[in-house]
Amino acid sequence: MSRPRKCRRVNSLPVFVRFRPQGIPLRRVKRVILSLDEFEAIRLADYEGLEHAAASERMNISRPTFTRLIEAAHGKMAQALVEGAALIIEGGAVAVEGDFCRCPRCGAAREHRRGGHHERCGYCGTEHDCNDTQPAT
Ligand SMILES: [Zn+2]
């Protein structure tokens, strides 16, 4: 029996979770699935520029585990680019810190604001009430 995977701490969600070649329906392209913990590894190391040791601490995992995670993530991103596949970000053994919601029109994620705020989506411009939107995870 395999050991249960420890949840990886994630502090942020991707703004959008589906990327595909322009003009081709998602159903017609190969899909590469990037997990939320792989996305977080890329965000911390490649986007924020953290060393692997610091990034692994932020995710509450060992450094060798972080290195395996980001190597897998790089491989998947390379596969999507080289093969012209869609990149879908979903799943993974993660514990998301924070409260996020998604725009009902375009699906953009952002931090959830409680208390009946009427907000304009920064991506598509749709106005909506945070209280009416679904949690992002
Ligand atoms: Zn939107």
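Just so you know, all these numbers are worked out from the coordinates, no wet-lab data involved. Computed from a predicted structure; not experimentally measured. Note that we place each Cβ from the backbone using ideal geometry, even for glycine, and neighbour counts take in every protein chain shown.
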Of all residues in region 51-68, which are outside any helix (DSSP H, G or I) and within 19 Å of the chain's Cα centre (by Cα)?
-> 60, 61
Is one or more of the residues making up region 31-45 crowded, with 19+ Cβ neighbours inside 10 Å and farther than 30 Å from residue 121 by Cα?
-> no
Given the structure, is residue 16 in a loop (DSSP other than H, G, I, E, B), aromatic (Phe, Trp, Tyr) and within 30 Å of residue 129 (Cβ to Cβ)?
-> yes
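Between 95, 72, which is of a type in the set (Gly, Ala, Ser) and in a helix (DSSP H, G or I)? Step through it out loud before you land on a result.
Values: 95 fails: in a helix (DSSP H, G or I).
Matching residue, one of 95, 72: 72.
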